[in-house]
Amino acid sequence: MGSGYAALLGTALAWSFSGIFIKLNSQEGFLISVVSSAVALAFYLLIIRPTIRFSRLVLAAGVSACFMSLTFTYANKLTTVGSAIVLQ
C-alpha cells in the first residue's frame with residue numbers, strides 16, 4: 001500500500017515541476033507540448049519497445065492524450081501551476 005502513495009506523491013511532484021518549467025519557458029505552449037511529447041515517445045519506444053497495435057480505442061486514447069497535453073500546457077502558460085492542475 002505504501003508504494004501507491006509514493007507513486008501518487010511522485011506524480012504530484014512531477015506535474016508541479018513540469019508546470020513550473022513550462023511557466024519559466026518563453027516558448028509557445030504548442031511547441032513545448034510537441035517537444036515534450038516527442039521526447040516521451042522516444043524514451044517509450046527505446047526503453048519499453050512495445051508492440052504497436054492500432055484500433056479505434058487506441059486512436060481515441062491518443063487523440064485524448066494529445067488534447068490533454070495541449071490544454072495542460074496552455075493552462076500553465078495562462079494561469080498558475082496549481083490552477084492548471086486543478087483544472088485538469
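With each label point set 7 Å from Cα along the Cα-Cβ vector, what nm distance links Val34 and Leu9?
Between Val34 and Leu9, the label points sit 3.8 nm apart.
Quick check for you: with a 1.4 Å probe and neighbouring chains kept, what is the accessible area per residue of the chain, in Å²?
Details: 6880 Å² over 88 residues.
On a per-residue basis, the chain sits at 78 Å².
Mind checking the alpha-carbon convex hull of the range 23-68 and giving the volume per residue in Å³? Could you put the intermediate results ahead of the total?
Working: hull volume 3.7 nm³, N = 46.
That works out to 81 Å³ per residue.
Please report, ordered by residue number, every helix of the chain (full DSSP H runs) that is 30 Å or longer along its axis going by C-alpha atoms and whose mean Kyte-Doolittle hydropathy reaches 1.0.
Membrane-span-like by this criterion, though nothing is claimed about a membrane: 2-24, 56-78.
From the C-alpha gyration tensor of the chain, pull out the three semi-axes of the equivalent ellipsoid (sqrt of 5λ each), sorted largest to smallest, in whole Å.
Values: eigenvalues 108, 71, 37 Å².
Ellipsoid semi-axes (Å, largest first): 23, 19, 14.
Test of the criteria: in the range 35-88, which chymotrypsin sites (Phe, Trp or Tyr not before Pro) are in a DSSP loop and have at most 12 other Cβ atoms within 10 angstrom of their Cβ?
For chymotrypsin sites (Phe, Trp or Tyr not before Pro) across the range 35-88 that sit outside H, G, I, E and B with at most 12 neighbouring Cβ atoms in 10 Å, the list reads Phe54.
With springs connecting C-alpha atoms under 10 Å apart, model the chain as a Gaussian network and identify which of Leu41, Leu31, Leu57 has the largest mean-square fluctuation.
Checking each option, the largest mean-square fluctuation is seen for Leu57.
Ignoring any ligand, DNA or RNA, what whole percent of the accessible area of the chain comes from carbon and sulfur when the probe is 1.4 angstrom?
Working: 5160 of 6880 Å².
Solvent-exposed carbon and sulfur of the chain make up 75 percent of the total.
Whole angstrom only: what separates the Cα centroid of the range 44-88 from the Cα centroid of the range 1-41?
One Cα centre to the other: 11 Å.
The values are calculated or read from the model by the stated rules, or taken from the named source; none is laboratory data. Quick caveat: nothing in here was measured; it's all calculated off a predicted structure. Here the Cβ is made from the backbone with ideal geometry for all residues, glycine too, and neighbour counts use every protein chain on show. Just so you know, the surface numbers come from the protein's heavy atoms only, side chains and all, with ligands and any DNA or RNA stripped out. Shrake-Rupley method; radii C 1.70, N 1.55, O 1.52, S 1.80 Å.
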